[in-house]
1. If you take the residues in the range 47-64 that are out of contact with any strand residue (DSSP E or B) (no Cβ under 7 Å at 6 or more places or on another chain) and under 19 Å from residue 97 (Cα atoms), which one is surrounded by the most Cβ atoms within 10 Å (Cβ to Cβ)?
2. So if I check each of 149, 169, 191, which one is without any contact (Cβ under 8 Å) to a residue 24 or more places away in the chain and either crowded, with 17+ Cβ neighbours inside 10 Å or small (Gly, Ala, Ser) (or both)?
3. Here are the criteria: (1) modelled with pLDDT under 95; (2) aliphatic (A, V, I, L, M); (3) in contact with a Pro (Cβ under 9 Å, 6 or more places away or on another chain). Tell me which single one residue 60 does not satisfy.
4. Based on this model, can you work out whether residue 138 counts as among the aromatic types (Phe, Trp, Tyr), at pLDDT 95 or above and surrounded by 16 or more Cβ atoms within 10 Å (Cβ to Cβ)?
5. Could you list all residues from the range 151-201 that are over 17 Å from the mean Cα position of the chain (by Cα), more than 26 Å from residue 24 (Cα to Cα) and not hydroxyl-bearing (Ser, Thr, Tyr)?
6. Search the range 194-210 for residues being within 18 Å of residue 101 (Cα to Cα) and among the small types (Gly, Ala, Ser), and hand back the single one that is surrounded by the most Cβ atoms within 10 Å (Cβ to Cβ).
7. If the requirement is being under 14 Å from residue 59 (Cα atoms) and of a type in the set (Lys, Arg), which of these qualifies: 174, 128?
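The values are calculated or read from the model by the stated rules, or taken from the named source; none is laboratory data. Because the structure is a prediction, the values reported are computed rather than measured. Here the Cβ is made from the backbone with ideal geometry for all residues, glycine too, and neighbour counts use every protein chain on show.
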Amino acid sequence: MRTASILAVAAALVGSTTAQYQYVRQSTNTNSPVTSATSNDLRCNVGASSGTGVQTATVAAGSTVGFALDIGIIHPGPIAVYLGKAPSTAASWDGSGANWFKIYELGATITSSAITFPASDKSSFTFKLPSSIPAGQYLLRIEHIALHSTGQPQWYISCAQLNITGGGSANPAKVSIPGYVSANDPGLTLSIYWPIVTSYKVPGPAVFSG
C-alpha cells in the first residue's frame, strides 16, 4: 500500500491553492514517515529544518487556511495542526523551543464494531487561524499520525511559513516538538483493530480556540 506522501504539497491560502512548495518546506524523505517520538524531525520533517528559499505567505488572523496533499490519506489515523511562533522570521526558525500550540484536530469515529478515522481518503484540509493570537511570523505545521501498525506510529508532517497580521494578545499554552507527545501515549500505542476501543484522544495538547 502506498502511504500518504508529503503532507501539504501546496498550502491553500486565502481561498486559492498555491504553487507546489511555494510556502511549504520540502522534505527529503518523500513518502517515508518519521517514526520516533523524540526526533527533531517531528517539527517539520526530515531535511526541512530551514525555510531558506521558501516564501512566507501573509494572512490575517482569523482567516481560513489549509493544506492540499499530493496523495490522499490512506492509512488510518488522526490529523492535527499546530502553529509555532518564530522568534525571528519563519524562514530562519528550526522549530525548536516551547513555541507550539494546537489549533485543529480531526480524530476518530467510534461505533460498537469499529474505530475509523475521517481523515482517511481526504486530500485537503481547511481550518481557521485563531483570531486572538498576536501578529507575527509563524510556522503552520500539519501532522498525520498513521496507526495501522500497532505500537509503531508513523508521522507524516509538513510546515508552511506564515506572516500573520492583525490578531490580538492571546497567549496560548505552548509545547515543544519533540516533547509534545510521549512514545507510550495511548493514542499512539492502541490497536485500532481489536479490541474495539470506547474512546480516543488525539495525542498532544488540547486545541486552542481563542
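1. By that ranking, first place goes to 49.
2. Details: 169 fails: without any contact (Cβ under 8 Å) to a residue 24 or more places away in the chain; 191 fails: without any contact (Cβ under 8 Å) to a residue 24 or more places away in the chain.
Of 149, 169, 191, the one residue that is without any contact (Cβ under 8 Å) to a residue 24 or more places away in the chain and either crowded, with 17+ Cβ neighbours inside 10 Å or small (Gly, Ala, Ser) (or both) is 149.
3. (3)
4. Values: among the aromatic types (Phe, Trp, Tyr): yes; at pLDDT 95 or above: yes; surrounded by 16 or more Cβ atoms within 10 Å (Cβ to Cβ): yes.
Yes, satisfied.
5. 151, 152, 183, 184, 185, 186, 190, 192, 194, 195, 196, 197 - these are the residues of the range 151-201 that are over 17 Å from the mean Cα position of the chain (by Cα), more than 26 Å from residue 24 (Cα to Cα) and not hydroxyl-bearing (Ser, Thr, Tyr).
6. Applying the first criterion (within 18 Å of residue 101 (Cα to Cα)) to the range 194-210 yields 201-210.
Retained after the next criterion (residues that are among the small types (Gly, Ala, Ser)): 204, 206, 209-210.
Numbers: 204: 21, 206: 12, 209: 12, 210: 12.
My answer is 204.
7. On the way: 174 fails: under 14 Å from residue 59 (Cα atoms).
Checking each option against the conditions leaves just 128.
Yes/no per residue for (1) under 22 Å from residue 65 (Cβ atoms); (2) under 15 Å from the mean Cα position of the chain (by Cα); (3) of a type outside the set (D, E, K, R):
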residue: 78; (1), (2), (3): yes, yes, yes
residue: 83; (1), (2), (3): yes, yes, yes
residue: 89; (1), (2), (3): yes, no, yes
residue: 92; (1), (2), (3): yes, no, yes
residue: 95; (1), (2), (3): yes, yes, yes
residue: 98; (1), (2), (3): no, no, yes
residue: 102; (1), (2), (3): yes, yes, no
residue: 110; (1), (2), (3): no, no, yes
